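Take a look at the structure below.
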Amino acid sequence: MKKNYTLLALATVAATSWAGGLLHNTNQHIAFQRMMARGASTEIDAVYTNPAGLAWLDNEGWTLSLNIQSAFQTRDVETSFPLFAYTNPDHSTIRKYDGKATAPVLPSLYAAYKKDRWVASAFFGVTGGGGKCNFENGLSMFDAAVMSGIAATTGQLLASQPLLRQIVGADAITPDMYTIDTSMKGRQYVFGGQLGGTYRILDNLSAYAGLRFNLFNGNYKGHLNANLGDALKQRAAAALATLPPEQAAAYAPMLTALGQEGGLTHIALDTDQKGWGVTPIIGVDFKWKGLTLAAKYEFKTNLHIENDTKTLEATAMGEASEQFETAMAPYKHGVNTPNDLPSVLYVAAGYEFIPHKLRGTVEYHFYDDKHAEMANDKQKTLKHGTHEILAGVEWDINQMFTVSCGFQNTDYGLSDDFQTHTAFSCDSYSIGLGGAINLSKKVKLNLGYFWTTYKDYNRSQEHYLNNPALPAGSDKFSRTNKVAGIGIDYKF
């Protein structure tokens, strides 16, 4: 078949981050959900958001925190492609592909031990990926390529086989003459375990150094079978019955093969991927009266993922091809693919407007995605790294109840060449709200919820999928995101 079958990029059909850059989850604590801007925090969530700020933790000894979040996303692709008109009842060229990503239970754990000017801290959570994504009806990138490939290949075959052309009744087998059975799903998690230490250098200045160990774990599974329709099978059987025995024997193997499951096209993938990398982290925090200035820097993490492939199949009309071998090469067993985590700079300014009552924070994040190596150097197609702006306020109603809300805006620097059907992003803004309840002097309960509003990404291509063999096509990428959570902080 044509080279446009090199679309086994199925191995990226996994959930990307809920909040943060292209490859990071920054919503690790419920305090983030309800306030968003936590970069100047001096509470237990600072283990992740502002580790240098732990120097001002209000508890000597141990402080622990357990958080549980649930995330629900949709990732939809609406595609316009000429061959879709053959099968749409209204002859429209548009098809919509719905993807659902869920992460019903995602925990994170925090621990800090403070003694005088020193604080030792630890964190564990899902720092990247974070769920499963399922496209029950496949994706347009596969359907469009398969339809075009079948038309081109069968056109060549029928031109040299008058009998087959007579059976088909056209110059090529078109999408209304066969069915496509397909589904794609993926699972992706990056587990992060962090250890570090904070030291209060001066009365108003502290510093942090630590490491985060990242473990990547993913599974990707999918199939596509293009099968001859019943009407065409019946016409082929009837034509075969009218042929002389020798001629019928010559055509029978071909027609039998085409009539089997996946006889026109068969693609199947089932692979696990694993990898790991270490992220060095440094931070500083400065406090003066009600003002807090904080910064954290995470260095780039070199991370490669290795395939443990159980199934990797791709045939066209029952035969493999050199193009398929090339297409499948990145997903063969044992192959390593770069998946670096970019360096990240976080800076924040917090101010206590009313002491022990009302406080607010503004924050900025920069993810240097263009210098984090991805498969096929995909990062080079970005216009710039990810920019995020956050703001949040928190109000202590009384000694027991706290309410808060926040805002985050994310600009990824996306480009047409960066977006794929299996892994696309959309610029967005998020709003979070919630509160905390001090159940006692030792125990705090956090409740939070945030949702993300995405800007649709539209792309038109003179040759769909940048394949010269395909006609023009267009895509509209859309997403939704809702996350809720509950957490408890405990002071020993």
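Cβ under 11 Å from ASN219's Cβ, ASN219 left aside: what net charge do those residues give with Lys, Arg +1 and Asp, Glu -1? Could the numbers behind the result be given before it?
Working: positive: LYS132, LYS185, ARG187, LYS221, LYS274, LYS310; negative: ASP270, ASP272, ASP308.
Value of the local net charge: +3.
So what's the net charge close to ALA40: Lys and Arg +1, Asp and Glu -1, counting the other residues with Cβ under 13 Å from its Cβ? Provide the component values of the computation, followed by the final result.
Values: positive: ARG38, LYS287, LYS296, ARG359; negative: GLU43, ASP45, ASP285, GLU352, GLU363, GLU394.
My count for the surroundings of ALA40 gives -2.
Relative to the present Cα-Cα distance, how much length would full extension add between ASP272 and LYS289 at 0.36 nm per residue of separation?
Working it through step by step, the gained length comes to 0.9 nm.
Compute the distance in nm between two label points, each set 7 Å from the Cα along the Cα-to-Cβ direction, one at THR102 and one at ALA252.
Rounded to a tenth, the inter-label distance reads 4.9 nm.
Over 18 Å, how big is the tail of the calculated P(r) for region 100-172, in percent of all Cα pairs? Spell out each step's value before the answer.
Details: 1812 of 2628 pairs.
Cα-Cα pairs in region 100-172 separated by more than 18 Å: 69 percent.
Got a sec? Charge dipole of region 412-466, +1 on Cβ for Lys and Arg, -1 for Asp and Glu; which of GLY434, TYR457, PHE418 is way out at the positive end?
The residue sitting farthest along the positive end of the dipole is GLY434.
TYR449 to HIS387: FRET efficiency via 1/(1 + (r/R0)^6), r the Cβ-Cβ distance, R0 22 Å, to the nearest 0.05?
On the way: r = 25 Å, r/R0 = 1.13.
Plugging the Cβ-Cβ distance into 1/(1 + (r/R0)^6) gives 0.35.
Would you mind calculating the gained length between THR74 and ARG117 on full extension (0.36 nm times residue separation, minus the Cα-Cα distance), in nm to one decimal? Provide the component values of the computation, followed by the final result.
Numbers: separation 43, 0.36 × 43 = 15.48 nm, distance 4.61 nm.
Result: 10.9 nm gained on full extension.
Taking H placed 1.01 Å from N in the peptide plane, check which residues at least 5 places from GLY263 or on another chain put their amide H under 5 Å from its amide H.
Result for GLY263 returns LEU228.
Which longest run of the chain has no exposed loop site in it, a site being GluC sites (Glu not before Pro) in a DSSP loop with at most 13 other beta carbons within 10 Å, and the site itself not part of the run?
Free of exposed loop sites, the longest segment is 262-461.
Could you give each residue of region 330-335 its phi-based ³J(HN,Hα) in whole Hz, using Karplus coefficients 6.51, -1.76, 1.60 with θ = phi - 60°, and x for Gly or Pro?
These are the phi-based 3J(HN,Hα) values: x, 10, 5, 4, x, 6 Hz.
Taking θ = phi - 60°, what integer Hz values does the Karplus form 6.51 cos²θ - 1.76 cosθ + 1.60 yield along region 402-414, in sequence order, with x for Gly and Pro?
With coefficients 6.51, -1.76 and 1.60, one gets 10, 10, 7, 8, x, 9, 9, 10, 10, 10, 8, x, 6 Hz.
For the chain, how big is Rg over Rh, using alpha carbon atoms and the Kirkwood form of Rh?
Working: Rg = 27.4 Å, Rh = 24.8 Å.
Answer for the chain: 1.10.
Excluding GLN69 itself, what net charge comes from residues whose Cβ is under 14 Å from its Cβ, given Lys and Arg +1 and Asp and Glu -1? Provide the component values of the computation, followed by the final result.
Numbers: positive: ARG34, LYS482; negative: ASP45.
Net charge in that neighbourhood comes out at +1.
If you place +1 on the Cβ of every Lys and Arg and -1 on the Cβ of every Asp and Glu, how big does the dipole about the Cα centre of the chain come out, in debye to the nearest 20?
Values: 42 positive and 46 negative charges, 285 e Å.
Roughly 1380 debye, rounded to the nearest 20.
How much length, in nm to one decimal, is gained on full extension between HIS333 and ASN217, taken as 0.36 nm per residue of separation minus their Cα-Cα distance?
Details: separation 116, 0.36 × 116 = 41.76 nm, distance 1.53 nm.
Contour length minus the Cα-Cα distance gives 40.2 nm.
Place +1 on the Cβ of every Lys and Arg and -1 on the Cβ of every Asp and Glu in the chain, take the dipole about the Cα centre, and give the residue among GLN28, THR93, ILE488 whose Cα lies farthest towards its positive end.
Comparing the listed Cα positions along the dipole, ILE488 ranks first.
Can you grab the distance from the C-alpha centre of region 61-77 to the C-alpha centre of region 122-144, Å, no decimals?
16
Read-outs throughout are calculated quantities, based only on the coordinates presented, and are distinct from any laboratory measurement. Just so you know, these numbers come straight off a predicted model, no measurement behind them. Please note: Cβ atoms are built from the backbone with ideal geometry, for glycine as well, and neighbour counts cover all protein chains shown.
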